[in-house]
Number of protein chains: 2
Amino acid sequence: MSESPVIDTHPLRLSVFVATSVDGFIATVDGGLDWLNAAVDPSEDYGYYDFLDSVDALAMGRRTYDSIAHIDPLPFGNRPVFVFTREKGLTRSGVVFIDASPADAAVTFKLMGLERVYVDGGVLISSFLEHGLIDDMTITQVPVLLGVGTRLFHDVIRPTALTLESSRSWPSGVVSQVYSI
Amino acid sequence: MSESPVIDTHPLRLSVFVATSVDGFIATVDGGLDWLNAAVDPSEDYGYYDFLDSVDALAMGRRTYDSIAHIDPLPFGNRPVFVFTREKGLTRSGVVFIDASPADAAVTFKLMGLERVYVDGGVLISSFLEHGLIDDMTITQVPVLLGVGTRLFHDVIRPTALTLESSRSWPSGVVSQVYSI
(Lines give C-alpha, C1' and ligand atoms only; values in the text may rest on other atoms or scores of the structure.)
Protein backbone atom coordinates (compact mmCIF):
# COMPACT_ATOMS: atom_id res chain seq x y z
CA MET A 1 0.00 0.00 0.00
CA SER A 2 2.65 2.47 -1.04
CA GLU A 3 0.37 4.61 -3.20
CA SER A 4 -0.90 7.97 -2.09
CA PRO A 5 -4.50 7.98 -0.99
CA VAL A 6 -6.78 8.86 -3.88
CA ILE A 7 -9.53 11.33 -3.14
CA ASP A 8 -12.68 10.17 -4.87
CA THR A 9 -13.97 13.16 -6.77
CA HIS A 10 -16.98 13.40 -9.00
CA PRO A 11 -16.54 14.81 -12.45
CA LEU A 12 -17.31 18.52 -12.29
CA ARG A 13 -18.91 20.59 -15.02
CA LEU A 14 -18.59 24.35 -14.95
CA SER A 15 -21.36 25.88 -17.03
CA VAL A 16 -22.39 29.28 -18.30
CA PHE A 17 -25.95 30.37 -19.09
CA VAL A 18 -26.11 33.97 -20.17
CA ALA A 19 -28.09 36.40 -22.32
CA THR A 20 -26.30 38.91 -24.52
CA SER A 21 -27.13 41.56 -27.08
CA VAL A 22 -25.99 40.86 -30.64
CA ASP A 23 -23.03 43.15 -29.95
CA GLY A 24 -22.02 41.09 -26.92
CA PHE A 25 -23.22 43.08 -23.91
CA ILE A 26 -24.82 41.51 -20.85
CA ALA A 27 -25.95 44.76 -19.23
CA THR A 28 -25.97 48.49 -19.79
CA VAL A 29 -23.16 50.53 -18.22
CA ASP A 30 -25.18 50.92 -15.01
CA GLY A 31 -26.03 47.20 -14.92
CA GLY A 32 -29.51 47.70 -16.37
CA LEU A 33 -31.43 44.85 -17.97
CA ASP A 34 -34.54 46.69 -19.25
CA TRP A 35 -33.40 46.16 -22.86
CA LEU A 36 -33.27 42.41 -22.18
CA ASN A 37 -36.67 42.23 -20.56
CA ALA A 38 -38.13 44.25 -23.46
CA ALA A 39 -36.64 41.96 -26.12
CA VAL A 40 -37.50 38.53 -24.76
CA ASP A 41 -40.93 36.93 -24.91
CA PRO A 42 -42.09 35.52 -21.55
CA SER A 43 -44.03 32.79 -23.37
CA GLU A 44 -40.82 31.39 -24.88
CA ASP A 45 -38.82 28.91 -22.80
CA TYR A 46 -35.11 29.53 -23.34
CA GLY A 47 -34.27 26.65 -21.02
CA TYR A 48 -33.19 28.68 -18.00
CA TYR A 49 -35.22 26.75 -15.43
CA ASP A 50 -34.15 23.37 -16.83
CA PHE A 51 -30.58 24.63 -16.65
CA LEU A 52 -30.99 25.89 -13.08
CA ASP A 53 -32.49 22.52 -12.09
CA SER A 54 -29.34 20.84 -13.43
CA VAL A 55 -26.84 22.76 -11.30
CA ASP A 56 -25.82 22.13 -7.70
CA ALA A 57 -24.42 25.56 -6.94
CA LEU A 58 -23.68 28.99 -8.36
CA ALA A 59 -20.43 30.90 -8.66
CA MET A 60 -20.48 34.62 -9.39
CA GLY A 61 -18.33 37.68 -9.14
CA ARG A 62 -18.83 40.31 -6.50
CA ARG A 63 -20.33 42.83 -8.89
CA THR A 64 -22.92 40.34 -10.12
CA TYR A 65 -23.79 39.39 -6.57
CA ASP A 66 -24.13 43.00 -5.49
CA SER A 67 -26.58 43.56 -8.36
CA ILE A 68 -28.91 40.84 -7.01
CA ALA A 69 -28.14 41.01 -3.28
CA HIS A 70 -31.34 42.96 -2.59
CA ILE A 71 -33.44 39.98 -3.71
CA ASP A 72 -34.59 37.91 -0.73
CA PRO A 73 -34.66 34.99 -0.99
CA LEU A 74 -32.24 34.65 -3.90
CA PRO A 75 -34.02 32.91 -6.82
CA PHE A 76 -31.81 29.81 -6.80
CA GLY A 77 -33.68 27.54 -4.39
CA ASN A 78 -31.43 25.92 -1.83
CA ARG A 79 -28.34 26.00 -4.05
CA PRO A 80 -25.29 27.53 -2.40
CA VAL A 81 -23.98 30.72 -3.99
CA PHE A 82 -20.20 31.21 -4.03
CA VAL A 83 -19.29 34.87 -4.40
CA PHE A 84 -15.72 35.52 -5.55
CA THR A 85 -14.36 38.40 -3.53
CA ARG A 86 -11.41 39.36 -1.33
CA GLU A 87 -13.85 40.01 1.50
CA LYS A 88 -14.32 37.16 3.95
CA GLY A 89 -17.28 35.66 5.65
CA LEU A 90 -20.86 34.58 5.37
CA THR A 91 -23.25 37.44 4.82
CA ARG A 92 -26.48 35.50 4.69
CA SER A 93 -27.72 31.97 4.63
CA GLY A 94 -26.54 30.10 1.56
CA VAL A 95 -24.09 32.76 0.37
CA VAL A 96 -20.39 32.03 0.83
CA PHE A 97 -17.65 34.55 0.10
CA ILE A 98 -14.65 32.84 -1.45
CA ASP A 99 -11.23 34.28 -2.28
CA ALA A 100 -9.79 31.72 -4.67
CA SER A 101 -8.34 31.40 -8.14
CA PRO A 102 -10.56 29.63 -10.70
CA ALA A 103 -8.31 26.54 -10.51
CA ASP A 104 -8.45 26.38 -6.70
CA ALA A 105 -12.20 26.98 -6.78
CA ALA A 106 -12.65 24.10 -9.23
CA VAL A 107 -10.71 21.78 -6.91
CA THR A 108 -12.81 22.96 -3.97
CA PHE A 109 -16.06 22.37 -5.87
CA LYS A 110 -14.90 18.83 -6.72
CA LEU A 111 -14.03 18.14 -3.09
CA MET A 112 -17.53 19.26 -2.13
CA GLY A 113 -18.94 16.67 -4.52
CA LEU A 114 -20.56 19.30 -6.73
CA GLU A 115 -21.27 17.96 -10.21
CA ARG A 116 -22.35 21.08 -12.07
CA VAL A 117 -21.74 24.70 -11.09
CA TYR A 118 -23.32 27.70 -12.82
CA VAL A 119 -20.61 30.31 -13.38
CA ASP A 120 -22.12 33.77 -13.82
CA GLY A 121 -20.94 37.33 -14.42
CA GLY A 122 -18.76 38.64 -17.24
CA VAL A 123 -15.54 38.99 -15.24
CA LEU A 124 -15.77 35.58 -13.54
CA ILE A 125 -16.80 33.80 -16.76
CA SER A 126 -13.83 35.32 -18.60
CA SER A 127 -11.50 34.39 -15.74
CA PHE A 128 -12.64 30.75 -15.77
CA LEU A 129 -12.44 30.67 -19.58
CA GLU A 130 -8.92 32.08 -19.44
CA HIS A 131 -7.93 29.10 -17.30
CA GLY A 132 -9.64 26.58 -19.57
CA LEU A 133 -12.15 25.66 -16.88
CA ILE A 134 -15.53 26.23 -18.54
CA ASP A 135 -17.13 23.08 -19.95
CA ASP A 136 -20.20 24.49 -21.68
CA MET A 137 -21.87 27.79 -22.44
CA THR A 138 -25.49 28.48 -23.32
CA ILE A 139 -25.63 31.89 -24.96
CA THR A 140 -29.07 33.42 -25.43
CA GLN A 141 -28.62 36.14 -28.03
CA VAL A 142 -31.36 38.76 -28.06
CA PRO A 143 -32.02 40.80 -31.23
CA VAL A 144 -30.75 44.15 -29.99
CA LEU A 145 -27.63 46.25 -30.51
CA LEU A 146 -26.84 48.05 -27.26
CA GLY A 147 -23.78 50.01 -28.37
CA VAL A 148 -22.22 50.33 -24.94
CA GLY A 149 -22.41 48.40 -21.69
CA THR A 150 -20.82 45.54 -19.78
CA ARG A 151 -19.32 42.95 -22.10
CA LEU A 152 -19.79 39.22 -21.69
CA PHE A 153 -16.28 38.46 -22.89
CA HIS A 154 -13.32 40.40 -21.60
CA ASP A 155 -10.09 40.81 -23.54
CA VAL A 156 -8.22 38.22 -21.52
CA ILE A 157 -9.47 35.00 -23.02
CA ARG A 158 -7.00 32.79 -24.81
CA PRO A 159 -8.03 31.57 -28.27
CA THR A 160 -10.40 28.65 -27.70
CA ALA A 161 -12.18 26.37 -30.14
CA LEU A 162 -15.83 25.71 -29.33
CA THR A 163 -18.16 22.94 -30.42
CA LEU A 164 -21.72 23.94 -31.27
CA GLU A 165 -24.02 21.44 -29.55
CA SER A 166 -27.30 23.07 -30.55
CA SER A 167 -28.76 26.23 -31.99
CA ARG A 168 -32.39 27.25 -31.79
CA SER A 169 -34.21 30.40 -32.80
CA TRP A 170 -37.51 31.72 -31.46
CA PRO A 171 -40.31 33.84 -32.96
CA SER A 172 -39.13 36.80 -30.89
CA GLY A 173 -35.79 36.67 -32.73
CA VAL A 174 -33.90 35.27 -29.75
CA VAL A 175 -31.30 32.64 -30.72
CA SER A 176 -30.04 30.12 -28.13
CA GLN A 177 -26.71 28.48 -28.77
CA VAL A 178 -25.14 25.76 -26.65
CA TYR A 179 -21.37 25.38 -26.99
CA SER A 180 -19.10 22.85 -25.34
CA ILE A 181 -15.42 23.56 -24.95
CA MET B 1 -45.52 72.97 -62.92
CA SER B 2 -44.57 74.79 -59.74
CA GLU B 3 -43.21 71.75 -57.97
CA SER B 4 -39.53 71.10 -57.59
CA PRO B 5 -38.13 68.53 -59.94
CA VAL B 6 -38.15 65.13 -58.31
CA ILE B 7 -35.07 63.02 -58.74
CA ASP B 8 -36.18 59.47 -59.36
CA THR B 9 -34.19 57.35 -56.95
CA HIS B 10 -34.33 53.64 -56.50
CA PRO B 11 -34.75 52.29 -53.03
CA LEU B 12 -31.31 51.59 -51.60
CA ARG B 13 -30.40 48.76 -49.25
CA LEU B 14 -27.20 48.95 -47.26
CA SER B 15 -26.19 45.46 -46.21
CA VAL B 16 -23.60 43.81 -44.01
CA PHE B 17 -22.19 40.31 -44.48
CA VAL B 18 -19.54 39.49 -41.95
CA ALA B 19 -17.97 36.62 -40.03
CA THR B 20 -17.21 36.97 -36.33
CA SER B 21 -15.89 34.88 -33.48
CA VAL B 22 -18.36 34.09 -30.69
CA ASP B 23 -16.76 36.90 -28.71
CA GLY B 24 -17.39 39.38 -31.51
CA PHE B 25 -14.05 39.79 -33.26
CA ILE B 26 -13.65 40.01 -37.04
CA ALA B 27 -9.86 39.74 -37.10
CA THR B 28 -6.89 39.33 -34.81
CA VAL B 29 -5.07 42.47 -33.67
CA ASP B 30 -2.81 42.33 -36.75
CA GLY B 31 -5.78 41.78 -39.08
CA GLY B 32 -5.22 38.03 -39.30
CA LEU B 33 -7.95 35.65 -40.45
CA ASP B 34 -6.22 32.28 -39.99
CA TRP B 35 -8.58 31.44 -37.08
CA LEU B 36 -11.53 32.03 -39.42
CA ASN B 37 -10.17 29.90 -42.23
CA ALA B 38 -9.39 27.12 -39.73
CA ALA B 39 -12.92 27.14 -38.27
CA VAL B 40 -15.06 27.21 -41.40
CA ASP B 41 -15.72 24.22 -43.64
CA PRO B 42 -15.16 24.96 -47.35
CA SER B 43 -17.89 22.48 -48.27
CA GLU B 44 -20.52 24.53 -46.42
CA ASP B 45 -22.17 27.39 -48.28
CA TYR B 46 -22.73 30.28 -45.91
CA GLY B 47 -24.36 32.30 -48.69
CA TYR B 48 -21.48 34.67 -49.42
CA TYR B 49 -21.53 34.29 -53.19
CA ASP B 50 -25.31 34.63 -53.38
CA PHE B 51 -24.95 37.75 -51.27
CA LEU B 52 -22.17 39.15 -53.44
CA ASP B 53 -24.28 38.48 -56.54
CA SER B 54 -27.06 40.57 -55.00
CA VAL B 55 -25.02 43.74 -54.48
CA ASP B 56 -24.16 46.46 -56.99
CA ALA B 57 -21.18 47.91 -55.17
CA LEU B 58 -19.04 47.72 -52.04
CA ALA B 59 -18.28 50.31 -49.41
CA MET B 60 -15.41 49.78 -47.01
CA GLY B 61 -13.13 51.65 -44.66
CA ARG B 62 -9.56 52.45 -45.48
CA ARG B 63 -8.13 49.85 -43.12
CA THR B 64 -10.25 47.08 -44.64
CA TYR B 65 -9.24 48.16 -48.14
CA ASP B 66 -5.57 48.27 -47.24
CA SER B 67 -5.83 44.69 -45.97
CA ILE B 68 -7.03 43.47 -49.39
CA ALA B 69 -5.35 46.01 -51.70
CA HIS B 70 -2.64 43.53 -52.64
CA ILE B 71 -5.23 41.25 -54.29
CA ASP B 72 -5.39 41.83 -58.04
CA PRO B 73 -7.99 41.74 -59.37
CA LEU B 74 -10.18 42.38 -56.31
CA PRO B 75 -12.59 39.45 -55.85
CA PHE B 76 -15.76 41.47 -56.43
CA GLY B 77 -16.19 41.14 -60.19
CA ASN B 78 -16.96 44.45 -61.87
CA ARG B 79 -18.60 45.99 -58.82
CA PRO B 80 -17.23 49.39 -57.87
CA VAL B 81 -15.50 49.61 -54.50
CA PHE B 82 -15.96 52.84 -52.54
CA VAL B 83 -13.20 53.31 -50.00
CA PHE B 84 -13.98 55.79 -47.22
CA THR B 85 -10.88 57.87 -46.62
CA ARG B 86 -9.74 61.47 -46.40
CA GLU B 87 -7.33 60.79 -49.26
CA LYS B 88 -8.58 61.72 -52.72
CA GLY B 89 -8.40 60.09 -56.05
CA LEU B 90 -8.62 56.90 -58.00
CA THR B 91 -5.89 54.41 -57.20
CA ARG B 92 -6.87 51.66 -59.55
CA SER B 93 -9.64 50.68 -61.88
CA GLY B 94 -12.93 50.23 -60.06
CA VAL B 95 -11.75 51.63 -56.72
CA VAL B 96 -13.02 55.08 -55.76
CA PHE B 97 -11.81 56.99 -52.72
CA ILE B 98 -14.68 58.86 -51.10
CA ASP B 99 -14.58 61.33 -48.22
CA ALA B 100 -18.21 61.47 -47.12
CA SER B 101 -20.40 60.97 -44.09
CA PRO B 102 -22.57 57.84 -44.10
CA ALA B 103 -25.66 59.99 -44.79
CA ASP B 104 -24.04 61.79 -47.74
CA ALA B 105 -22.71 58.49 -49.06
CA ALA B 106 -26.20 56.96 -48.92
CA VAL B 107 -27.57 59.89 -50.93
CA THR B 108 -24.74 59.51 -53.42
CA PHE B 109 -25.36 55.79 -53.81
CA LYS B 110 -29.06 56.48 -54.46
CA LEU B 111 -28.24 59.09 -57.08
CA MET B 112 -26.02 56.52 -58.79
CA GLY B 113 -29.00 54.18 -59.01
CA LEU B 114 -27.37 51.57 -56.76
CA GLU B 115 -29.93 49.26 -55.18
CA ARG B 116 -27.84 47.28 -52.73
CA VAL B 117 -24.43 48.17 -51.36
CA TYR B 118 -22.27 45.83 -49.26
CA VAL B 119 -20.89 47.80 -46.30
CA ASP B 120 -17.76 46.15 -44.91
CA GLY B 121 -15.24 46.74 -42.14
CA GLY B 122 -15.90 47.16 -38.42
CA VAL B 123 -15.43 50.93 -38.26
CA LEU B 124 -17.54 51.69 -41.33
CA ILE B 125 -20.30 49.25 -40.33
CA SER B 126 -20.50 50.83 -36.87
CA SER B 127 -20.55 54.31 -38.39
CA PHE B 128 -23.43 53.45 -40.73
CA LEU B 129 -25.28 51.70 -37.88
CA GLU B 130 -24.80 54.77 -35.69
CA HIS B 131 -26.62 56.80 -38.34
CA GLY B 132 -29.44 54.26 -38.71
CA LEU B 133 -28.42 53.49 -42.29
CA ILE B 134 -27.91 49.70 -42.28
CA ASP B 135 -30.90 47.73 -43.57
CA ASP B 136 -29.77 44.17 -42.97
CA MET B 137 -26.88 42.22 -41.49
CA THR B 138 -25.84 38.64 -42.12
CA ILE B 139 -23.61 37.57 -39.26
CA THR B 140 -21.72 34.31 -39.68
CA GLN B 141 -20.65 33.29 -36.20
CA VAL B 142 -17.77 30.81 -36.08
CA PRO B 143 -17.28 28.58 -33.01
CA VAL B 144 -14.14 30.21 -31.65
CA LEU B 145 -13.28 32.55 -28.80
CA LEU B 146 -10.45 34.82 -29.92
CA GLY B 147 -9.95 36.83 -26.74
CA VAL B 148 -8.49 39.89 -28.39
CA GLY B 149 -8.66 41.43 -31.85
CA THR B 150 -10.62 43.87 -33.98
CA ARG B 151 -14.24 44.09 -32.92
CA LEU B 152 -17.17 44.03 -35.30
CA PHE B 153 -19.19 46.46 -33.23
CA HIS B 154 -17.61 49.59 -31.85
CA ASP B 155 -18.87 51.38 -28.78
CA VAL B 156 -20.59 54.11 -30.75
CA ILE B 157 -23.77 52.38 -31.83
CA ARG B 158 -27.04 53.67 -30.51
CA PRO B 159 -29.42 51.07 -29.03
CA THR B 160 -31.14 49.43 -32.00
CA ALA B 161 -33.81 46.74 -32.15
CA LEU B 162 -33.16 44.04 -34.74
CA THR B 163 -35.51 41.55 -36.40
CA LEU B 164 -34.21 38.03 -36.87
CA GLU B 165 -35.06 36.99 -40.44
CA SER B 166 -33.36 33.62 -40.35
CA SER B 167 -30.94 31.51 -38.36
CA ARG B 168 -29.15 28.44 -39.62
CA SER B 169 -26.47 26.26 -38.11
CA TRP B 170 -23.96 24.05 -39.92
CA PRO B 171 -22.18 20.80 -39.00
CA SER B 172 -18.94 22.77 -38.50
CA GLY B 173 -20.67 24.73 -35.72
CA VAL B 174 -20.96 27.91 -37.76
CA VAL B 175 -24.26 29.75 -37.19
CA SER B 176 -25.54 32.23 -39.80
CA GLN B 177 -28.02 34.84 -38.67
CA VAL B 178 -29.76 37.36 -40.89
CA TYR B 179 -31.12 40.43 -39.13
CA SER B 180 -33.08 43.32 -40.60
CA ILE B 181 -33.15 46.67 -38.86
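The values are calculated or read from the model by the stated rules, or taken from the named source; none is laboratory data. All figures in this text were calculated on a predicted structure; none of them were measured in a lab. Note: ideal-geometry Cβ built from the backbone for every residue, glycine included; neighbour counts use all protein chains shown.
Which of the residues belonging to segment A:141-154 are closer than 26 Å to B:G32 by Cβ and facing another protein chain (nearest Cβ under 7 Å)? The answer is A:L145, A:F153. Here A:R92 does not qualify as basic (K, R) and within 14 Å of chain B (Cβ to nearest Cβ). For B:D120, are the conditions met, namely being under 20 Å from B:D53 (Cβ atoms), within 13 Å of another protein chain (Cβ to nearest Cβ), touching a residue at least 40 places away in the same chain (Cβ under 8 Å) and among the charged types (D, E, K, R)? Considered against the rule, which asks whether it is under 20 Å from B:D53 (Cβ atoms), within 13 Å of another protein chain (Cβ to nearest Cβ), touching a residue at least 40 places away in the same chain (Cβ under 8 Å) and among the charged types (D, E, K, R), B:D120 comes out as no.
Just so you know, in segment B:112-143 the residues that are of a type in the set (D, E, K, R) and in contact with a Ser or Thr (Cβ under 7 Å, 6 or more places away or on another chain) include one that is farthest from B:T160 (Cα to Cα), and it is B:R116. Within segment A:17-46, the set of residues being farther than 21 Å from B:F25 by Cα and either touching a Pro at 6+ places or on another chain (Cβ under 6 Å) or among the aliphatic types (A, V, I, L, M) (or both) comprises A:L33, A:L36, A:A38, A:A39, A:V40.
With respect to being hydrophobic (A, V, I, L, M, F, W, C), within 14 Å of another protein chain (Cβ to nearest Cβ) and more than 14 Å from the chain's Cα centre (by Cα), B:I157 fits the description. Keeping to segment B:18-54, report how many residues are assigned to a helix (DSSP H, G or I), at pLDDT 95 or above and surrounded by 14 or more Cβ atoms within 10 Å (Cβ to Cβ). Residues flagged as assigned to a helix (DSSP H, G or I), at pLDDT 95 or above and surrounded by 14 or more Cβ atoms within 10 Å (Cβ to Cβ) within segment B:18-54 amount to 3.
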